[in-house]
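Step one of this worksheet: look at the structure below.
Read the figures in this text as sums done on the coordinates, not as results from a lab. Nothing here was measured: the structure is a model prediction, and the numbers come from that model. Quick reminder, even Gly has a Cβ in these numbers, built from the backbone with ideal geometry, and neighbours come from all protein chains shown.
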Amino acid sequence: MAISTAFDPQVFRTVLGHYPTGVCVVTGVHPDGTPLAMVVGTFSSVSLDPPLVSFLPMKTSGTYQQLAECTSMCINVLTADQEGLGREIATRRSDKLAGLDWRPSPSGAPILTDCLAWLDVRLEQAVEAGDHLIALCRVDHLAVENPVAPLLFFQGGYGAFVVPSLVARIDADIAAGVHEAVASRAELEALAQDLDCECTLLKVVNREEMAAVGMATGPGKSPDSGLGARLPIIPPIADAWAAWLPEDEQDYWLSKATGADETQRDIYRRRLEFCREEGFVYSRCSGEEVTFASLQEATTRYASTRPTPAEVREIRERITEATSPEAYALTPLVDEERYDIASIIVPVSDARGEKSLNLRVSDLPRSTTGTEVRSWVDAIKTTARDIEVSLRATDH
């Protein structure tokens, strides 16, 4: 392990980036009536008696200069699900709270809807500290608003801190998906036998990952992964789920395609449109074995551990690199044209009617006509509808 002896700003950032910090939004209402907001990752408790906290804004921050003129401020602790909110506030140059949900704190400063916790404070002192200020604040009111996993900044990226009880809750979600798969086991096995393929039922656990909850294979075939194996929800993965999300959630899904160029983003968008129009998506064997090996390696690495933000960025880049137009660009199937289909995915509604399940069929015969591929699609759709009927029956 190399030890730095000469000061290097980049090394400084990298080393300190290995210490996780919470993400907060400091809000206030300027004397002229303008709502203000600033994202900070340097908030901490200072004193219990008197109750003091601090945050560290840049000296050059124009927003902080305005916040310092407010009679009070509110420090909003963000949840893991509010990463998008934090990014939106951080990138806006003005009107940072326009269109966002909030209510006034006891002193009148904005409390962001669904934040993890909030502290209503008054600025007592600002101390110069290099290129930052230490804003020392007295706490007047505070409360836990939404006791879930917090948003953290770690290794240059955002992530979530999950305590064992929350991990158990996530694993329970997978267990619920396995229960759903048990109800559809007969349908999966029949389809695998009929098409001589591998059938996998995938369950969306949360907006970040999905898991294999059901599996069946044709004669002599071995599954690529086991039950419970997790997949990161990164384009093009889970597009048959993302196709039915609200536009802002689709934008969030697209934003995770690290390093994607405009051609790739167009492919992802078109896959969403194709799924909504046709009720399925497919991918082809591109002939680039290295590309597919890279994709499988990335997803396997994700499934085998709980990756850090830095590892997630690397996995996202690997998956994006593996998205070749030859493999993922969708066109209508032509009757006499021959296809090497890698996978076909059909969305499946759960017992609540939400399309949280994907039926994926892979390891299919090669060099097959468009007519035959369409017959596969029809069979997969029929199986998906049969699974939906089974899920509704077991839910009563």
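Summary table
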item: Sorted peptide list for 195-204, 107-116, criterion being average Cβ within 10 angstrom, highest first; result: 195-204, 107-116
item: 14 Å beta-carbon shell around residue 98, net charge (K/R +1, D/E -1); result: 0
item: Rg ratio (alpha-carbon, reference 2.2 N^0.38 Å) - region 9-157; result: 0.99
item: Using θ = phi - 60° and Karplus 6.51 cos²θ - 1.76 cosθ + 1.60, couplings along region 313-321 (whole Hz; Gly, Pro as x); result: 4, 5, 5, 4, 5, 4, 5, 4, 4
item: 3J(HN,Hα) from dihedral phi, region 112-117, Karplus parametrisation 6.51/-1.76/1.60, rounded to Hz, x for glycine, proline; result: 6, 4, 6, 5, 5, 7
item: Computed FRET value (nearest 0.05) for residue 245 with residue 336, which takes r as the C-beta separation and R₀ as 35 Å; result: 0.45
item: FRET efficiency, residue 190 to residue 317 (Cβ-Cβ, R0 25 Å, nearest 0.05); result: 0.05
item: Descending principal axes extents, region 312-364, alpha-carbon based, whole Å; result: 39, 37, 20
item: Inter-part distance where region 232-269 and region 327-369 are each reduced to a Cα centre, Å; result: 17 Å
item: Where a label projected 7 Å from the Cα of residue 61 along Cα→Cβ would reach, residues of region 91-114 with amide N under 13 Å; result: 91
item: Highest average packing first - 135-143, 233-241, Cβ atoms within 10 Å; result: 233-241, 135-143
item: For peptides 254-266, 341-353, 90-102, sequence by mean Cβ density within 10 Å, most packed first; result: 341-353, 254-266, 90-102
item: Exceeding the 27 Å Cα-Cα cut-off - candidates 59/256; 256/381; 203/381; 96/355; result: 59/256; 256/381; 96/355
